[in-house]
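Enquirer: Once you've had a glance at the structure underneath, I'll fire off some questions.
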Amino acid sequence: MKQEALIEHYCLKAEFLEVRTIKEMQNKVNRRIFLKTIGAAGLGSVLAGCKGKEEKQPDTVEAEAPERAQEPEYLQVPRRKLGKTGVEVPCLSLGTNRLVDSQVLLRAALRWGVNYWDTAHSYTGGNSELTIGKLLSRNPEVRKKLFIVSKASSARTVADVENRLQTSLKRTNTEYIDLYYGVHGLSDAAQLTDELREWAESAKKRKLIRFFGFSTHKNIDQNLVAAAKLGWIDVIMTAYNFRLMQDSKIQAAIETCYKAGVGLIAMKTVALDTRERRRVEKGEEIETEEDKKLLRHFLEQGRAVEQAKIKFVLEDERISSACVGMSNIANLTSNVAAALDKTKLTRADREALAEYAQATCSGYCAGCAYICDSGLPDAPYISDIMRYLMYYNSYGRHDEARELFAQIPGNIRNKLLDMDYTLAEARCPQRLPIRELITEAVSVLT
């Protein structure tokens with residue numbers, strides 16, 4: 001098919017009144033917003049870059065050079081300062097939590113300037129880091145173009161952090177990690193001990209890492225404020241999205257970190273609730289009026305909801321980058337389009353997202369664990385379990401979710417189905433059906 005015909009095909013107006021499933025809507029709108037943003041030249045580049053099956057692609061970046069010289073130049077994702085580190089990073093970063101040996105995806109990300117690659121010791125059983133290492137083993141000169149980030153998954157001691165870092169260095173085939181999160185999923189600022197600070201300083205002196213930080217999606221506001229006061233945390237990766245942005249405490253905490261010069265990376269930017277996750281996975285019909293209203297609001301503009309959600313985060317200039325999990329070229333190009341799109345969200349757009357967040361809050365855990373913990377003092381793992389369920393349902397990280405669930409003390413796991421969740425549900429500001437979610441978690445994670 002000629003390029004002109006392809007362009008016409010991708011530009012066809014979607015008939016939103018006939019859209020019945022989320023997947024159908026996504027396919028139509030993602031194509032339109034992508035083409036609208038990057039233009040015909042960009043489409044030609046993508047089509048050329050995606051020809052053939054992945055196993056037929058060249059193994060090295062150098063081998064692609066002659067072909068690239070004839071392709072239109074790729075637009076580059078805008079860059080922002082990463083706190084007071086002195087480094088600039090792309091406003092869209094590549095989350096590799098589902099990455100398994102996709103060299104094509106890594107090379108495509110580099111072409112768009114998405115050179116911030118976020119991985120972790122635990123991602124895909126180590127295959128995420130190994131995939132990055134495979135590219136660098138064949139293209140060692142590419143290392144200087146990358147900003148590699150990894151995490152000390154499930155580390156309980158400083159010795160664990162050191163061991164995981166050494167493993168990550170070997171897997172990624174590099175001598176240093178640009179940014180290392182010594183705590184992967186900080187739940188309590190007390191975990192940021194003097195011993196950990198001394199280790200971070202040592203790792204920097206040994207030139208094993210350039211910057212140090214942590215990730216968090218539990219008790220976010222408390223953790224951010226505490227870290228800003230410490231003075232030795234360079235970067236924080238925090239859950240931050242159109243739902244959490246409605247929380248005044250989280251907004252104040254973000255401001256505190258920003259003023260302190262702490263770099264901020266947003267994750268969980270799409271913030272699917274429990275109902276959305278199940279429908280996206282199964283392609284089920286859109287049932288609620290809230291869903292239909294939001295989808296139609298953005299569909300009439302030729303914009304996908306997911307891209308609007310990412311833009312909502314990126315329009316907060318305190319955020320250095322939005323880290324989005326991407327496992328294929330379609331995900332990458334769609335998200336790149338959102339990052340390149342210079343059209344600002346309107347007041348009506350923001351109000352639509354805020355209204356939707358309020359209407360569907362009962363399906364999304366905001367990570368304010370100290371609240372549900374107060375209603376379940378004998379089981380301080382409830383928000384963690386709901387997060388593991390999200391890993392299982394949303395990201396297909398089944399093995400990791402089960403492994404994390406198995407780390408919860410057996411005496412607590414064994415009584416989860418017999419506990420009274422009434423008080424925790426009454427205190428939950430999101431009105432989550434906690435018993436229902438825990439019951440589902442026990443069913444799929446054991």
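Enquirer: Are any of the residues in region 111-130 more than 22 Å from GLU175 (Cβ to Cβ), within 21 Å of the chain's Cα centre (by Cα), modelled with pLDDT under 95 and among the aliphatic types (A, V, I, L, M)?
Expert: Looking through region 111-130, none of the residues is more than 22 Å from GLU175 (Cβ to Cβ), within 21 Å of the chain's Cα centre (by Cα), modelled with pLDDT under 95 and among the aliphatic types (A, V, I, L, M).
Enquirer: Out of the residues in region 144-180 that are without any contact (Cβ under 8 Å) to a residue 60 or more places away in the chain and of a type in the set (Phe, Trp, Tyr), state the one that is surrounded by the most Cβ atoms within 10 Å (Cβ to Cβ).
Expert: The residue in question is TYR180.
Enquirer: For region 351-400, how many residues are in the same structural domain as PHE242 (by TED's automatic domain parsing) and basic (Lys, Arg)?
Expert: 0
Enquirer: Within region 398-410, does at least one residue satisfy the condition of being under 21 Å from ASP221 (Cα atoms) and either β-branched (Val, Ile, Thr) or in contact with an Asp or Glu (Cβ under 6 Å, 6 or more places away or on another chain) (or both)?
Expert: No.
Enquirer: Turning to a different aspect of this structure: If a residue has to be surrounded by fewer than 20 Cβ atoms within 10 Å (Cβ to Cβ) and not in a helix (DSSP H, G or I) to count, how many in region 197-244 make the cut?
Expert: Selection size over region 197-244: 6.
Enquirer: Here's a follow-up. I want to confirm something. Restricting to region 399-422 and keeping residues that are closer than 12 Å to ALA379 by Cβ and touching a residue at least 40 places away in the same chain (Cβ under 8 Å), which single residue is surrounded by the most Cβ atoms within 10 Å (Cβ to Cβ)?
Expert: So the first thing to find is which residues in region 399-422 are closer than 12 Å to ALA379 by Cβ, and the list is 408-409, 411-421.
Still in the list and also touching a residue at least 40 places away in the same chain (Cβ under 8 Å): 419, 421.
Details: MET419: 16, TYR421: 22.
Among those residues, the one meeting the criterion is TYR421.
Enquirer: Is it the case that some residue within region 191-198 is in contact with a Lys or Arg (Cβ under 8 Å, 6 or more places away or on another chain) and at pLDDT 95 or above? Talk me through it step by step, then tell me what you get.
Expert: To start, the set of residues in region 191-198 that are in contact with a Lys or Arg (Cβ under 8 Å, 6 or more places away or on another chain) comprises none.
Scanning region 191-198, I find no residue that is in contact with a Lys or Arg (Cβ under 8 Å, 6 or more places away or on another chain) and at pLDDT 95 or above, so the answer is no.
Enquirer: Could you tell me whether ALA357 is small (Gly, Ala, Ser), buried (at least 18 other Cβ atoms within 10 Å of the Cβ) and assigned to a helix (DSSP H, G or I)?
Expert: yes
Enquirer: If you go through region 245-260 one residue at a time, do you hit one that is at pLDDT 95 or above, part of a helix (DSSP H, G or I), touching a Cys at 6+ places or on another chain (Cβ under 8 Å) and at negative phi?
Expert: Within region 245-260 (the criterion being at pLDDT 95 or above, part of a helix (DSSP H, G or I), touching a Cys at 6+ places or on another chain (Cβ under 8 Å) and at negative phi), the answer is no, since none of the residues qualifies.
Enquirer: Filter region 103-133 down to residues that are among the hydroxyl-bearing types (Ser, Thr, Tyr) and touching a helix residue (DSSP H, G or I) at 6+ places or on another chain (Cβ under 6 Å) and give me whichever is surrounded by the most Cβ atoms within 10 Å (Cβ to Cβ). Don't jump to the end; show me each part of the working.
Expert: Quick first cut of region 103-133, residues among the hydroxyl-bearing types (Ser, Thr, Tyr) only: 116, 119, 122-124, 128, 131.
Now restrict to residues that are touching a helix residue (DSSP H, G or I) at 6+ places or on another chain (Cβ under 6 Å): 119, 122.
Details: THR119: 28, SER122: 21.
Among residues in region 103-133 that are among the hydroxyl-bearing types (Ser, Thr, Tyr) and touching a helix residue (DSSP H, G or I) at 6+ places or on another chain (Cβ under 6 Å), the one surrounded by the most Cβ atoms within 10 Å (Cβ to Cβ) is THR119.
Enquirer: Just to be sure I understand, how many residues within region 363-415 are in a loop (DSSP other than H, G, I, E, B), of a type in the set (Ser, Thr, Tyr) and modelled with pLDDT of 85 or more?
Expert: Number satisfying all stated conditions: 1.
Enquirer: Now for a different question. Checking the condition in the same structural domain as VAL87 (by TED's automatic domain parsing), of a type in the set (Lys, Arg) and more than 25 Å from CYS323 (Cα to Cα), which residue from LYS205, LYS170 passes?
Expert: Just a single option satisfies the conditions, and that option is LYS205.
Enquirer: Pull up region 416-446, narrow it to residues that are part of a loop (DSSP other than H, G, I, E, B) and of a type in the set (A, V, I, L, M), then point me to the one that is nearest to SER153 (Cα to Cα). Outline the logic, then answer.
Expert: Applying the first criterion (part of a loop (DSSP other than H, G, I, E, B)) to region 416-446 yields 419-421, 428-433, 446.
This time we only want the ones that are of a type in the set (A, V, I, L, M), so: 419, 432.
Numbers: MET419: 29, LEU432: 27 Å.
Among those that are part of a loop (DSSP other than H, G, I, E, B) and of a type in the set (A, V, I, L, M), it is LEU432.
Enquirer: Give the residue, chosen from LYS344, LYS309, that is modelled with pLDDT of 90 or more, of a type outside the set (Gly, Ala, Ser) and assigned to a helix (DSSP H, G or I).
Expert: Going through LYS344, LYS309 in turn, the sole match is LYS309.
Enquirer: Out of the residues in region 92-101 that are crowded, with 23+ Cβ neighbours inside 10 Å and in a loop (DSSP other than H, G, I, E, B), state the one that is nearest to the chain's Cα centre (by Cα).
Expert: THR96
Enquirer: A follow-up question, please. With (1) over 23 Å from LEU294 (Cβ atoms); (2) surrounded by fewer than 20 Cβ atoms within 10 Å (Cβ to Cβ); (3) among the charged types (D, E, K, R) as the list, and ARG347 as the residue in question, which single condition is left unmet?
Expert: For ARG347, the exception is condition (1).
Enquirer: In region 125-166, what residues are assigned to a helix (DSSP H, G or I), β-branched (Val, Ile, Thr) and in contact with an Asp or Glu (Cβ under 8 Å, 6 or more places away or on another chain)? Walk me through how you get there before you give the answer.
Expert: In the first step, residues of region 125-166 are kept if they are assigned to a helix (DSSP H, G or I); the result is 125-138, 140-145, 158-166.
Narrowing further to those that are β-branched (Val, Ile, Thr): 131-132, 142, 158, 161.
Across region 125-166, the qualifying residues are THR131, VAL158.
Enquirer: Continuing with the same structure: With respect to ILE434, is the statement that it is touching a Cys at 6+ places or on another chain (Cβ under 7 Å) and surrounded by fewer than 20 Cβ atoms within 10 Å (Cβ to Cβ) true?
Expert: Details: touching a Cys at 6+ places or on another chain (Cβ under 7 Å): yes; surrounded by fewer than 20 Cβ atoms within 10 Å (Cβ to Cβ): no.
When the stated conditions are applied, ILE434 does not pass them.
The values are calculated or read from the model by the stated rules, or taken from the named source; none is laboratory data. All figures in this text were calculated on a predicted structure; none of them were measured in a lab. Using ideal geometry, Cβ is built from the backbone for each residue, glycine included, and neighbour counts are taken over all protein chains shown.
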